[in-house]
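Student: Just dropping this structure here.
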């Protein structure tokens, strides 16, 4: 491709100037399976580092069918009307959508995607959750350097991705649908307690009464959940992504949260902790990857895991054998 | 010490025969800071591996002052009356209690500790949470090989230890005290959703009405929390560790849970997953430890973390620099 001739400086300049093609290409480099692409992408990211970190980072999760895309689209337009630039990233480790496409399951947000001040990027494919999370964090930084001042990270709402997303945003919203108990089993254990806000959706038409009931239940239970940050009370909102009801209130809740976090210093602390935690995770993953690229190690690892299942060894003994082998290479 | 002359076979035989002195000494070896003690301890553990895994593993947490020790003592005596042998281990990364002591903060369980069929072992001191958790898992295996058929793991109920404990037991109980909201802030986010049972304590004397109210609140909110396992409904019990009310019901809840988990196969799956997760954690920790024993690496690590805080670099770039340095040694 012709852009392969661009160097890191040129990519970085393009991103800073808000060139959407170079923004997309930079993220594609970072998601690439080719080592030289990743190398170049990382150089670009390094150049952009000082411009990163200026956006409001919002995570949104909820069970499948709750209306996340509809909400994000409505919310995105509300932000555009305020003169903001909005990027939407998704974290979906099982997504079959190919790297740079804005089609696939994102056709749902096609109106927002067509806006010049919005940018929608689906989850990279073919990666583990950890890999997807790393790539999403990188894409967020690139979007920030490109001047997007609101970054929304959407999760599919099943599995482990909620905690990953919560660990990369300033504010975490959990969407709920009318009904409770069994209907909510799409939400993973512990997720409610990561929330800064619960948004009960579908308070429209025939569903209004049910949504109001659910909203009341969660409001009365909210004090049983530990607050996500000191001084913050879990907000429980009622609204409709379809009609747009509650969207303004959601934004007000986010800004009130940001204000409080900045006043208490929790904002900077959290960002610094998130950065260091990401760094440590990358170190862990990188060490493990180096470990697992050694065929003799992989063979021994598999043998030891079988022995463990048969209780022929203990985890400490197995780990020591494997580490001794690796470190004495 | 004279026992230093014993070899691994002799330790293992002693543990299997239920020799309390050798049981304690084996755990002390595993907790030692001396490499040769740990080596010997691991050999003993390896010999004991086939005898491990036969106990009911119960984790108990709750905010400070909720009455965990009183409950565990009452519960322990109830199990002794059934003819069971009970081991109690604690996970408290900040504990100042020395390695092999049963004194310190465990004087509260002194009656139980005096029973021949009970064994109480406090948290090893001077370790990180990860270190404490590894040592506790090892101590649990040693206790199982010594014939203890119920192992209770107590957490201090603050910080990260709840998730660690939940990851090493079959059944996780969260104790609550009368009142809600602010009073419960000793419980960490997400802990309620790890619970297989909530036990509202202090339903006695003047506190009865308040405990009943709290019990009612949690019962009506329980269906909002995702069940800890398929087919299991979070049980919410009311009782008093002081009077013993509710202790029988707690045991019945545990046995009902074990029965269901064994019927669905979730019991074996969970145990195998826990073993493999422990193994992977040990690998991660071991790699990280090897990494951090290299002074040049530690120096670079500190420099890069400062740069990260100043946004002079990005986590991916910093991690790559450090890994390249380590792997090219």
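Student: Given the conditions (1) free of Cβ contacts under 8 Å to residues at least 40 places away in the same chain; (2) more than 10 Å from chain B (Cβ to nearest Cβ); (3) more than 30 Å from residue B:145 (Cβ to Cβ), report the number of the one that residue A:270 does not fulfil.
Tutor: Condition not satisfied by residue A:270: (1).
Student: Kindly list the number of the only condition in (1) in contact with a helix residue (DSSP H, G or I) (Cβ under 8 Å, 6 or more places away or on another chain); (2) under 26 Å from residue A:271 (Cβ atoms) that fails for residue B:306.
Tutor: Status for residue B:306: all satisfied but (1).
Student: A follow-up question, please. Out of all the residues in the stretch B:222-247, which are more than 14 Å from chain A (Cβ to nearest Cβ), closer than 15 Å to residue B:174 by Cα and out of contact with any helix residue (DSSP H, G or I) (no Cβ under 6 Å at 6 or more places or on another chain)?
Tutor: B:239, B:240, B:246
Student: Can you tell me how many residues in the stretch A:303-329 are buried (at least 18 other Cβ atoms within 10 Å of the Cβ) and either touching a strand residue (DSSP E or B) at 6+ places or on another chain (Cβ under 7 Å) or closer than 20 Å to residue B:289 by Cβ (or both)?
Tutor: Going through the stretch A:303-329 one residue at a time, the tally reaches 11.
Student: Which count do you get for residues in the stretch A:31-47 that are within 20 Å of the chain's Cα centre (by Cα) and surrounded by fewer than 22 Cβ atoms within 10 Å (Cβ to Cβ)?
Tutor: Qualifying residue count, the stretch A:31-47: 2.
Student: Do we find that residue B:192 is modelled with pLDDT under 90 and either outside the structural domain of residue B:256 (by TED's automatic domain parsing) or buried (at least 21 other Cβ atoms within 10 Å of the Cβ) (or both) in this structure?
Tutor: Judged against the criteria, residue B:192 is a match.
Student: Next up: If a residue must be assigned to a helix (DSSP H, G or I), without any contact (Cβ under 8 Å) to a residue 60 or more places away in the chain and out of contact with any strand residue (DSSP E or B) (no Cβ under 7 Å at 6 or more places or on another chain), how many such residues does the stretch B:211-247 contain?
Tutor: 7
Student: Another question, if that's okay. Filter the stretch B:157-174 down to the residues that are crowded, with 20+ Cβ neighbours inside 10 Å and in a loop (DSSP other than H, G, I, E, B), then identify the one that is modelled with the lowest pLDDT.
Tutor: Looking at residues that are crowded, with 20+ Cβ neighbours inside 10 Å and in a loop (DSSP other than H, G, I, E, B), I get B:157.
Student: Mind telling me which of the residues B:282, B:287, B:250, B:300 ends up being in contact (Cβ under 8 Å) with a residue 60 or more places away in the chain, within 12 Å of chain A (Cβ to nearest Cβ) and surrounded by 15 or more Cβ atoms within 10 Å (Cβ to Cβ)?
Tutor: It is B:282.
The values are calculated or read from the model by the stated rules, or taken from the named source; none is laboratory data. These numbers come from a predicted model, not from an experiment. Cβ coordinates were reconstructed from backbone atoms using ideal geometry, including for glycine residues, and neighbour counts include every protein chain displayed.
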